[in-house]
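The values are calculated or read from the model by the stated rules, or taken from the named source; none is laboratory data. The shown structure was predicted, so the numbers you read here are calculated from the model rather than taken from an experiment. Every residue, glycine among them, receives a Cβ derived from its backbone with ideal geometry; neighbour counts consider all protein chains shown.
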Amino acid sequence: MTTCSTYNEGATSLSKSRIRIARHEGYAVTGIDEESELIFVALMSRQCDDAFCMRICPTGAIVRNKDTGAVIVNHDRCIGCRMCIVACPFGAIMYDADRKRVIKCELCEGDPQCVRLCPTGALAFLPKKSAHLPKGDRLARRIVDLETRAVADDIPAARKEKDANS
Amino acid sequence: MPIPKGYAGNVVIIDLSKSEAQILPTDKFWREYDVDPRLWLGGDGLITKILWKDFPEGIDPMSTENEIIVATGPWTATAAPQAGRAMLGCISPETGGFSSGSFGWYFPATLKYAGYDIMIIRGKAAKPTYVFIDDREVSFRDASHIWGKETGETVRAVRDELGERYEGEIRVLSISVAGEHLVKYAVACGDATSCPGRSGGGAIMGSKNLKAVAVRGTGEIQIHSPKGLVDSSYEAINRFLKEEPTLKIWQKHGCTTGLATVARWPLRGTLLASNRAAADFPHLKNVGCLNCFNPCYHWLQLKEGRHAGTRQIGGHMTFLTTMLRNLNIEDFGEWVYYERLMQELGLDPASFSMNFTFAVDLFERGLLTLDDTDGLVLKRGDPDLIWDVAGRAARRQGKLGDLLAEAQGDLARTVGGEAVELAPAVKGKPSIQRDPRIQALIWSMGYLTSPRGGDWLRTHNTWELAFLPGNRDTYPEYIGKSNLELYQECVELLDMPRNLKKQIFGDPPRVDVEWIKGTKGKMLFMVWTENLVGLFNSLVTCMFGAATQFMMVAFGPSTYAEILNKITGWDVTYDELMLVGERVFNLQRAFNYRLKGWDYRNDRFDDKRSREPAVMGIYKGRTVPWDEMLQEYYAIRGWTKEGIPTAAKMNQLKMHDVASILPKLT
C-alpha cells in the first residue's frame with residue numbers, strides 16, 4: 001500500500017492506496033480465543049470486462065487501456081461526481097479529497113508495483129486467460145503426491161502380508 | 001529551513017494536566033530544541049535531544065514532570081522497507097536515567113499519517129483518561145470504565161467506542177493493570193501486539209492516569225523521489241532475500257531460534273524445535289509491521305495441552321530465553337501462554353522474570369522468608385506458581401507482589417545486606433540473557449555501556465558465538481555450509497569499510513577460533529555496532545533488517561543512505577550516517593552523566609560473582625578483564641579514563657552546546 005501510493009500519487013499514504021488490505025488481526029483478548037484466523041485479503045479493481053464504473057461515468061472519463069487491459073481514469077475529463085464509487089460492486093474506487101479526483105488501480109502501466117515489491121509472492125500478476133492454470137496444476141500435483149505416498153505406504157504393508165502368507 | 005520531505009510536518013504536545021493539545025510545525029519544534037534533522041534524523045536521536053533539553057537535573061521518574069515521547073523518523077511510514085517503527089522514550093522508572101524502546105505494528109505509521117513526527121505527553125490527568133488523535137483533532141476522553149481492563153480488552157473497548165469503520169483503522173497504544181499499578185517495568189503496548197520493551201513507558205503512562213492513546217491517520221507523507229524510492233526499496237529487499245545467508249532459518253523458526261541456532265547458547269534450542277513440531281500452527285504464517293519483508297511475528301494457536309485454544313501473534317525470543325533460563329520452564333504451550341500473559345498484564349518479561357528468579361535466589365538463601373512471600377515457597381519450573389506471582393506483581397498484591405513490582409536495584413536494597421551484591425543488574429536494571437561462558441565478549445560488554453541499563457539491545461552482536469570448538473554446527477542442515485564458512489561469508493558481506501574490517505578481523509579479514517577467544521578488535525567492533533544501533537533507532541527502522549541473526553550482514557549504512565536520500569532529497573553518505581549513530585550514543589552517555597553522574601563506576605555488573613574468577617567458559621579460573629576492555633573502549637570512544645565524554649569529542653560531533661556544559665559538571 002505504501003508502494004502503491006508512493007508510485008502513483010508521489011506521496012505515501014495508506015488511505016490513498018489503490019490496493020487495500022482487509023485485515024483480521026485477531027489481537028488477543030483476555031479469556032477469549034476466537035476460532036477465526038489471522039487473515040489479510042488484498043482488494044483492488046478487478047478491471048471488469050463489463051465495468052459498471054465505465055458504463056455509469058457521465059463524461060466518458062473512464063476508459064480501457066488497450067495495451068494493458070486496465071480500466072483507467074482520464075483526470076482531464078473526470079468531474080469528481082463519484083458515481084463510479086457508487087457503481088463499483090467491490091469498493092475498489094476511492095476519492096482522493098486532497099487532489100479532488102477519483103483513483104483506482106490502473107495496473108501501473110502494466111507493471112503493478114505492489115506485485116513487484118511483494119517479498120513473499122502473495123501477490124501475482126497473470127494474464128487472465130491463463131491465471132487459473134498454475135493453480136489447477138498445483139492442486140493436481142498435490143493429488144499426485146498424495147497418491148504416490150499412499151501407494152508407498154501400502155507397499156511394505158502388502159509385502160508383509162504376502163510374506164506372512166507364504 | 002523548510003521541513004525536508006519524508007517528515008510528517010507537525011509535532012503534537014499533549015498536556016494531560018490541562019487537557020490541552022498543542023500542534024506546532026516540526027521545523028519550529030526543531031528550532032526550539034536546537035535540532036538539525038540531518039544530524040539527528042528522528043526516533044532515538046530526537047528523544048535524546050528532547051530529554052537533554054527538558055531534564056538538566058534528575059527527577060523522580062514517577063512524578064508529573066516526567067514525559068512520554070513517541071518519535072518516528074524520516075524512514076517511518078514511507079515505502080521504505082520495514083517502515084513501521086518508532087521509539088518511545090522517557091526517564092526510566094527502573095534506573096532514573098535515559099530510557100527508550102522500539103516498537104512497531106501500525107501505531108507509529110498511523111501517528112505519522114495523522115501528521116505527526118513526534119508526540120510528547122506531559123502532566124497528569126485528574127482522572128483516568130485516554131486521548132484520541134483523529135488526524136488534526138485531539139480529544140480527551142474519560143477512561144474510568146476501561147481502567148482495570150487488560151491489554152486486549154482495552155484495545156477492543158477503545159476501538160468500539162471510537163467507532164472504527166474497518167478493522168485496524170484506529171490504532172491504540174495502551175497500558176494494562178501493571179501500568180495502572182505503577183509496576184516499574186510495566187510496558188505500553190501497541191494494538192495488543194508490539195510493545196516498546198524495557199522502556200518502562202507503561203509505568204509512566206499509569207503515573208499520568210493515561211490509559212491509552214488512540215490514533216487515526218488518513219494523511220500523506222511527501223517523498224522526494226517517489227519512483228526512485230520504490231526502485232531502491234525493491235533492490236534492497238531483493239538483495240536481502242538473495243544474499244542474507246541465514247534467511248531460511250529465520251523463515252522457518254523466526255527470531256526465537258536465532259540465538260539457539262547461531263550458537264550453542266544454553267537455550268536448549270533443539271528442544272524448542274521438537275516442541276514446536278507438536279504445536280499447531282494454523283498457517284504457520286509470519287506477519288510483520290508495515291512493509292516488513294522479513295517478519296518476526298508468528299501466528300500461533302495451541303492445539304494440545306492445558307492451554308489448548310490459546311492463540312498468540314508472537315513467538316519472540318525474549319519470552320523464550322527468559323522462560324527457559326530464568327523460569328526453568330520447557331513446555332512449548334507454557335511459552336506461548338507466557339507471552340500472552342505478559343502482554344495482557346502489560347509486564348516486561350525480561351525484568352519480571354529476572355526479578356522472579358532473583359527472588360528465588362534470595363528465598364533459597366533465606367534472605368526472603370515465607371512472611372515476605374505471603375506464604376509461597378518460591379521455586380523455578382512451576383508454571384502455576386510463576387503465573388500466579390506474575391498476576392500479583394502486576395497488581396502489587398500482597399508483600400511479594402509489591403516487592404517484585406520494583407526495579408531490581410531497589411528490590412535488592414529493600415531486602416538489604418547480601419542481596420545488594422547478588423542482584424544480576426547493571427545500573428539497577430536486570431541484565432537478561434547473559435552469557436555465563438563469556439564466549440560473547442562484545443555482547444557481554446554491551447550490558448555495561450548500554451545507556452538504558454542492563455541489556456544488550458544497544459549492542460546486539462553475536463559474532464563470537466558460533467566458532468568455538470564444541471559449539472553446535474547448526475548451519476549445514478539449512479544452508480549446506482559450516483559455521484566457519486558462513487561466518488567468513490558474513491565478514492565479506494558486512495557493510496563496513498575495508499580498513500575497519502582489517503583493524504577488527506586482521507589482514508586479510510578473517511574469523512577463526514583465535515579471534516573468538518581473544519580480545520583483538522573487539523572493542524572497535526563494539527563501538528561500530530553501538531553506532532549502527534543508534535543509527536537505525538533514529539531512522540527509525542527495525543533491528544531485524546540490519547541484523548536478522550544478529551550478524552549485521554543485511555541492511556547496512558550504505559543501504560540506509562541510498563534509501564534515505566530518495567525519501568528526503570539529501571545526499572547523506574555512509575560516514576555521515578554512522579556519525580549520527582555515534583552522536584546519539586554520545587549524547588545519551590552525556591545525558592546520563594549529567595543526570596545521574598554515571599561513569600566507569602556504573603559500567604559494571606552489580607553482582608559480585610561477575611567480578612570474581614569465572615567458573616565456566618573461556619575465562620574459567622580467571623577474572624574477565626572488564627576494566628581493561630572498558631579502558632580500551634573509552635579510548636576508542638574518545639572519552640576520559642573515567643568514561644566521561646570529552647568536550648573535544650562533543651565538538652567533533654557538532655554538539656558544541658554539550659561541549660561547553662561538560663567541563664562544568666566535573
How about region A:120-138: which of its residues are part of a loop (DSSP other than H, G, I, E, B), exposed (fewer than 10 other Cβ atoms within 10 Å of the Cβ) and over 12 Å from the mean Cα position of the chain (by Cα)? A:Pro127, A:Lys129, A:Ser130
Would it be correct to say that B:Val183 is within 12 Å of chain A (Cβ to nearest Cβ), crowded, with 24+ Cβ neighbours inside 10 Å and either among the hydroxyl-bearing types (Ser, Thr, Tyr) or over 19 Å from B:Ile120 (Cβ atoms) (or both)? no
Would you mind telling me which numbered condition in (1) surrounded by 14 or more Cβ atoms within 10 Å (Cβ to Cβ); (2) part of a loop (DSSP other than H, G, I, E, B); (3) modelled with pLDDT of 90 or more; (4) in contact with a Ser or Thr (Cβ under 9 Å, 6 or more places away or on another chain) A:Tyr27 fails? (3)
Of all residues in region B:298-344, which are within 14 Å of chain A (Cβ to nearest Cβ), among the hydrophobic types (A, V, I, L, M, F, W, C) and over 19 Å from the mean Cα position of the chain (by Cα)? B:Trp299, B:Leu300, B:Leu302, B:Ala308, B:Val336, B:Leu341
Among the hydrophobic types (A, V, I, L, M, F, W, C), surrounded by fewer than 22 Cβ atoms within 10 Å (Cβ to Cβ) and modelled with pLDDT of 90 or more - does that describe any residue in region B:535-550? no
Do the conditions hold for B:Phe293, that is, is it modelled with pLDDT of 80 or more, touching a helix residue (DSSP H, G or I) at 6+ places or on another chain (Cβ under 7 Å) and facing chain A (nearest Cβ under 9 Å)? yes
Going by what's in this entry, would B:Asp455 be described as acidic (Asp, Glu), at pLDDT below 90 and within 28 Å of the chain's Cα centre (by Cα)? yes
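Return a yes/no flag: does region B:148-156 have any residue that is under 18 Å from B:Tyr106 (Cβ atoms) and among the hydroxyl-bearing types (Ser, Thr, Tyr).
The answer is yes, given that some residue of region B:148-156 is under 18 Å from B:Tyr106 (Cβ atoms) and among the hydroxyl-bearing types (Ser, Thr, Tyr).
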What is the residue count in region B:131-152 for residues that are in contact (Cβ under 8 Å) with a residue 60 or more places away in the chain, under 26 Å from the mean Cα position of the chain (by Cα) and more than 17 Å from B:Ile170 (Cα to Cα)? 1
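Residues that are buried (at least 24 other Cβ atoms within 10 Å of the Cβ) and among the aromatic types (Phe, Trp, Tyr), at least 2 per element: which strands (runs of 3 or more DSSP E) completely within region B:10-85 meet that? I'd like the intermediate steps shown before the answer.
Working: elements: B:10-15, B:20-25, B:68-71.
Fully inside region B:10-85 and qualifying: nothing.
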Among the numbered criteria (1) surrounded by fewer than 23 Cβ atoms within 10 Å (Cβ to Cβ); (2) among the small types (Gly, Ala, Ser); (3) under 19 Å from B:Pro349 (Cα atoms), which one does B:Ala308 miss? (3)
Can you spot a residue in region B:53-73 that is within 14 Å of chain A (Cβ to nearest Cβ), in contact (Cβ under 8 Å) with a residue 60 or more places away in the chain, touching a Cys at 6+ places or on another chain (Cβ under 9 Å) and at negative phi? no
When only residues in region B:186-213 that are outside any loop (DSSP other than H, G, I, E, B) and within 14 Å of chain A (Cβ to nearest Cβ) count, which is nearest to the chain's Cα centre (by Cα)? B:Ser194
What are the residues in region B:472-501 that are at pLDDT below 70 and either more than 29 Å from B:Asn531 (Cα to Cα) or surrounded by fewer than 16 Cβ atoms within 10 Å (Cβ to Cβ) (or both), if any? B:Arg472, B:Asp473, B:Thr474, B:Pro476, B:Glu477, B:Tyr478, B:Ile479
